[in-house]
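One structure below.
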Amino acid sequence: MGSIYGCLDATLTIAAILSSKSPFVTPLGHRKEAESCRLSFKRADSDLLTGWNAYSSWRRVCQRKTMMSESEFCHRNYLSSRNLSGIEELKQQLLVSVVEARFLTLKEEEKKELNR
């Protein structure tokens, strides 16, 4: 449905989040700090949208060459880099399935990027 309504990226991201471990971590002795960071990503009263916002913020950090590294971003925001990477990997697998089912046609350069 995401490819039909033009919201495939959000649809794949949400499906991957629902099928993965939470991106949030709570280290021993840091419960209040972790909860505070989690609340900074909060959207409405939805854990799903909160996870989506955290994932989207992480992706922006990964895509840009900013002053803050991915690991520093995750550490400061009590996020699991491993779980976020797992969400990203699952999202790519779901995209391949959508392409193979012919709900989406990719250009040659997009296919090469996906295979990378």
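Readers should treat all values here as calculations from the given coordinates under stated rules, not as data from a laboratory. Small disclaimer: the values here were computed from a predicted structure and weren't measured. Methodologically, a virtual Cβ is constructed for each residue, glycine included, from the backbone with ideal geometry; neighbour enumeration extends over all protein chains shown.
Assorted remarks:
- Where trypsin sites (Lys or Arg not before Pro) fall in DSSP loop in region 10-101, at most 14 other Cβ within 10 Å: K21, K42, R64, K65
- Nonlocal amide H pairs with R43, under 5 Å, H built at 1.01 Å: T50
- Spacing of the two label points (7 Å from each Cα toward its C-beta) at S36 and S71, in nm: 2.5 nm
- Karplus 3J(HN,Hα) series, Hz, for region 13-26 with 6.51 cos²θ - 1.76 cosθ + 1.60 (x for Gly, Pro): 4, 5, 4, 5, 5, 5, 9, 10, 5, 4, x, 8, 10, 10
- Mean-position separation - Cα centroids, region 74-92 and region 1-66, in angstrom: 9 Å
- Nonlocal amide H pairs with L79, under 5 Å, H built at 1.01 Å: V25
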